[in-house]
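S.K.: Questions regarding the structure given below will be posed in turn.
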Number of protein chains: 2
Amino acid sequence: MGDPAGIGGEITLKAWIRRKDAAVPAFLAIDDPDRLASLAKTMGLDVPVRPVADPAEAMAVFADALPVLPLPLAVPPVPGRPEPANAPMIRASIETAVRLVRAGRAAAVVTNPIHKGVLYQAGFPFPGHTEFLADLAGTGTPPVMMLACPGLRVVPVTIHVSLRDAIAALSTGLIVEMGRITAEGLRRDFGIGRPRLAVAGLNPHAGEGGGMGREEIEIVRPAVDVLLAEGIEAFGPLPPDTMFTPEARAGYDAALCMYHDQALIPLKTIGFDKGVNITLGLPFVRTSPDHGTAFDIAGRGVASESSLLAALATAAEMVVARDKAGAAA
Amino acid sequence: MGDPAGIGGEITLKAWIRRKDAAVPAFLAIDDPDRLASLAKTMGLDVPVRPVADPAEAMAVFADALPVLPLPLAVPPVPGRPEPANAPMIRASIETAVRLVRAGRAAAVVTNPIHKGVLYQAGFPFPGHTEFLADLAGTGTPPVMMLACPGLRVVPVTIHVSLRDAIAALSTGLIVEMGRITAEGLRRDFGIGRPRLAVAGLNPHAGEGGGMGREEIEIVRPAVDVLLAEGIEAFGPLPPDTMFTPEARAGYDAALCMYHDQALIPLKTIGFDKGVNITLGLPFVRTSPDHGTAFDIAGRGVASESSLLAALATAAEMVVARDKAGAAA
């Protein structure tokens, strides 16, 4: 569901309309059927909404209607106005999805965007989806956020902290840990036998030999050396500005980036609305669109379903790759 | 000329071969005619090299031969091996270009890449071309580096310093000064009557209201306010990751960026090999390709002349716009 005051509902309806596209797998919404039916009517979308009892029933109806596992909301949502009373249902939607996938009754979790503010007010103690899912999964290792669009996968080593704090948080150990999880994820979930990791520098021109910053020498290169010693095909530190050209991108399977915007600027610049957010290191497949709740345009019917469609397609591809990896193991 | 051990010579020869393209203006190389003739022969390029005495003669021969104002080198250059003995000629090439343009005998200066190391050894006291040109011009204001490719212009407020130092160097005054020079440059050199400046934040999500860094609140927003008060159409601070999508780019004429890679990552990601480096705030038009000396591929004939061609074309456009602005004033 995501935040029902955001664009999650309308992009879910639009994604169902595109159900005959080859890349779109069958899916089940965990949401309030009444609010989805009402949203479809308001937006003039021809989407029959069908409450279902479980995923098996969902698969049977998917061709003819949008299957919805009912999760009644406390308050009818108003587009653009997040409502703390509905926060427990936002959380329950995620928990239910994880329960179904862990029980083997669903193949993957795809999450619509949530808004942290309203969840914090309701006592949600996690910085975001990714950390909540890692907690539900009980993995003990940090979750890794990978963002992907056609032609580029990026992993920011530091995420939602100020740029100043991101620099302070950088360490060889952190880069190595993220590199390991990324390489393992590319092998297991993307079927890439020998993943190539491009490791970015922090500073302009990757520090130019220490003249413009020493983090490359003291932190990043030692991490590349450790990864190489573990048999992971890592290379870098690379000058950040030239590593995202089409020619450079052809040389690696994922870029390990030192801070949020070093990863997100090229991803969003190239990917337009085809970006997918993927959590690596979980015992199940999880993706999401790479945009937010977009409260400013919610309910107007203009939100694009492209990123959600890409998230659904990517999840399906990852499930296939993971099954193959499992069968081979 | 640029550094004669770099790719400057071969891309100059290749650019002359493209002289009939509508966008390529007539140009004069300030270089060693013998080394260019020998390079053309080595690379199998059919480029007659013609020593000329001045720009007027150059224009007369340009259709039939590459005109070269002779600047004999101390030592025959070896591709990929910068030679300190030639450093005075690298410097003299720039000085001659500036003298010709200041005397009204050439319309613009286009510089091939130089390598700082070899110039430093020869006592060159400037961080790069841009600062040397500002010194030759004696403007007293800081030179502003703008990079442009089709669909995007960016101005990094801080440039060749570590990311840590870039954050420390940010100030409202610096952003305002860069914004003013950028707006004036867009008006005078690009014929944009009312330039729109998109001002980037420093932190992820532009700090998200102060939760991920306070520079947006304390430094960037006050700069936007000053620029607005001066009648410059500035807006921001914007979240850095979403401001370079095609849709976002359509909303501004230049992006004012807080650090090198925030500007250069999107530019090089979008621009491939069509980027141009432009110095604003000089009394003459100056552009250059946005790549370096590329010692690793020099002399192999594989270097692309695209960026130099774009630099030549952009310089010509700027000259026309500046003449119009001068005539109107």
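The values are calculated or read from the model by the stated rules, or taken from the named source; none is laboratory data. Since the structure is predicted, the reported quantities are computational estimates derived from the model, not experimental observations. Cβ sites come from the backbone with ideal geometry, for glycine too, and all protein chains shown count toward neighbours. SASA here: full protein model, heavy atoms, side chains in, ligands and nucleic acids out. Shrake-Rupley method; radii C 1.70, N 1.55, O 1.52, S 1.80 Å.
S.K.: Treat every Asp and Glu Cβ in the protein assembly as shown as -1 and every Lys and Arg Cβ as +1, leave all other atoms uncharged, and give the resulting dipole magnitude about the Cα centre to the nearest 20 debye.
M.R.: Details: 58 positive and 70 negative charges, 159 e Å.
Computed charge dipole of the protein assembly as shown: roughly 760 debye.
S.K.: What whole-number volume per residue, in cubic angstrom, does the convex hull of the C-alpha atoms of the protein assembly as shown give?
M.R.: 174 Å³
S.K.: From the label point of residue B:168, set 7 Å along Cα to the beta carbon, how far off in nm is each other copy's matching point, shortest first?
M.R.: Between copies, matching label points for residue B:168 lie 1.5 nm apart.
S.K.: If the label for residue B:81 sits 7 angstrom from Cα along the Cα-to-Cβ line, what are its distances to the same label in every other copy, in nm to one decimal, shortest first?
M.R.: 7.7
S.K.: How would B:261, B:165, A:296 rank on accessible area, largest to smallest, probe 1.4 Å? Let's see the in-between values first.
M.R.: Values: B:261 5, B:165 85, A:296 120 Å².
So the residues, ranked largest to smallest area, are A:296, B:165, B:261.
S.K.: For a quick check of your reading of the filter: which trypsin sites (Lys or Arg not before Pro) in region A:93-140 sit in a DSSP loop and have no more than 13 other Cβ atoms within 10 Å?
M.R.: Loop-located and lightly packed - A:105.
S.K.: Something else now. Given the -39500 (n - 2.57) contribution per DSSP H run of 4+ residues, what per-residue ellipticity at 222 nm results for chain A, rounded to the nearest 500 deg cm²/dmol? Let's see the in-between values first.
M.R.: Details: 12 runs with 132 residues, N = 329.
Result for chain A, helices only: -12000 deg cm²/dmol.
S.K.: Now for a different question. Relative to the longest principal axis of chain B, what angle (0 to 90°, nearest 10) does the C-alpha long axis of helix B:87-102 take?
M.R.: It is inclined by approximately 70 degrees.
S.K.: What is the average number of partner chain Cβ atoms found within 10 Å of a Cβ in A:271-277?
M.R.: Per-residue shielding by partner chains comes out at 1.
S.K.: What shape does region A:133-286 have by the C-alpha gyration tensor, where a ≥ b ≥ c are the square roots of the eigenvalues, rounded means a/c under 1.5, and otherwise prolate means a/b greater than b/c and oblate the rest?
M.R.: Rounded is the answer for region A:133-286, as its axis ratio a/c remains below 1.5.
S.K.: Still on this structure, I have one more. What is the distance in Å between the Cα centroid of region B:205-271 and that of region A:202-261?
M.R.: Each part reduced to its Cα centre gives a spacing of 25 Å.
S.K.: Report the residue, chosen from B:228, B:73, B:152, that carries the largest GNM mean-square fluctuation when chain B is represented by alpha-carbon nodes joined by springs under 10 Å.
M.R.: Among B:228, B:73, B:152, the largest GNM mean-square fluctuation belongs to B:228.
S.K.: Roughly what angle does helix A:306-328 make with the longest principal axis of chain A, taking Cα atoms, 0 to 90 degrees, to the nearest 10?
M.R.: 70 degrees
S.K.: For chain A, state the average projected area of the convex hull of the C-alpha atoms over all orientations, rounded to one decimal in nm². All intermediate terms of the calculation are to be shown ahead of the outcome.
M.R.: Working: hull surface 66.5 nm².
Averaging across all directions leaves 16.6 nm² for the Cα convex hull.
S.K.: Just to be sure I understand: if I project the alpha-carbon convex hull of region A:209-275 onto a plane and average over all orientations, what area do I get in nm²?
M.R.: 5.2 nm²
S.K.: Relative contact order for region A:73-224 using alpha-carbon pairs under 8 Å, separation at least 6, rounded to a whole percent?
M.R.: Reported relative contact order: 13 percent.
S.K.: Add +1 for every Lys or Arg and -1 for every Asp or Glu among the other residues with Cβ under 13 Å from the Cβ of residue B:267, and state the total. List each step's numbers first, then the result.
M.R.: On the way: positive: B:153, B:249, B:268, B:274; negative: A:241, B:261, B:273, B:290.
So the environment of residue B:267 carries a net charge of 0.
S.K.: Treating the angle as unsigned and between 0 and 90°, give the value, to the nearest 10°, between the Cα long axis of helix B:172-190 and the longest Cα principal axis of chain B.
M.R.: 50 degrees
S.K.: I would also like to ask the following. Determine one quarter of the surface area of the Cα convex hull of region B:58-199, which equals its mean projected area, and express it in nm² to one decimal.
M.R.: Here the figure is 11.9 nm², rounded to one decimal.
S.K.: In square angstrom, rounded to the nearest 10, how much accessible surface does residue A:232 have for a 1.4 Å probe?
M.R.: Residue A:232 has an accessible surface of roughly 10 Å² with all protein chains in place.
S.K.: State, as an integer percentage, the relative contact order of chain A based on alpha-carbon contacts under 8 Å between residues 6 or more apart. Walk me through the numbers before you get to the answer.
M.R.: Details: 621 pairs, mean separation 77.9, N = 329.
Across chain A, relative contact order equals 24 percent.
S.K.: Across peptide A:158-168, what mean number of C-beta atoms from other chains lies inside 10 Å of a residue's C-beta?
M.R.: Partner Cβ neighbours, averaged per residue: 6.
S.K.: Going by the alpha-carbon gyration tensor, a ≥ b ≥ c the square roots of its eigenvalues, is region B:26-113 rounded (a/c under 1.5) or, if a/c is not under 1.5, prolate (a/b greater than b/c) versus oblate?
M.R.: oblate
S.K.: I would also like to ask the following. When all C-alpha to C-alpha distances in region B:145-207 are sorted into bins of 10 Å, what percent of pairs does each bin hold, rounded to whole numbers?
M.R.: Calculated P(r), rounded to whole percents: 18, 51, 27, 4.
S.K.: OK, next. In nanometres, what is the gap between the two model label sites at residue A:228 and residue A:99, each 7 Å from Cα along Cα-to-Cβ?
M.R.: 5.0 nm
S.K.: Averaged per residue, what accessible surface does the protein assembly as shown expose to a 1.4 Å probe, in Å²?
M.R.: Working: 25520 Å² over 658 residues.
Value returned for the protein assembly as shown: 39 Å² of accessible area per residue.
S.K.: Can you list, shortest first in nanometers, how far residue B:233 lies from the same residue in the other copies, with each label 7 Å from Cα toward Cβ?
M.R.: 4.9
S.K.: Can you work out D for region B:94-154 in µm² s⁻¹ from Stokes-Einstein, where Rh is the Kirkwood radius over C-alpha pairs, the temperature is 37 °C and the viscosity is 0.692 mPa s?
M.R.: D = 248 µm²/s.
S.K.: For region A:1-76 and region A:122-184, write down the distance between their C-alpha centroids in whole Å.
M.R.: Region A:1-76 and region A:122-184 have Cα centres spaced 30 Å from each other.
S.K.: How would B:111, A:139 rank on accessible area, largest to smallest, probe 1.4 Å?
M.R.: A:139, B:111
S.K.: Label region A:237-321 by shape, choosing from rounded, prolate and oblate, from the square roots a ≥ b ≥ c of the eigenvalues of the Cα gyration tensor; if a/c is under 1.5 it is rounded, and otherwise prolate applies when a/b is larger than b/c, oblate when it is not.
M.R.: Taking the square roots of the gyration eigenvalues as a ≥ b ≥ c, region A:237-321 is oblate.
S.K.: What does the structure give for B:254-267 when I average, per residue, the other chain Cβ atoms found within 10 Å of the residue Cβ?
M.R.: Mean shielding count: 5.
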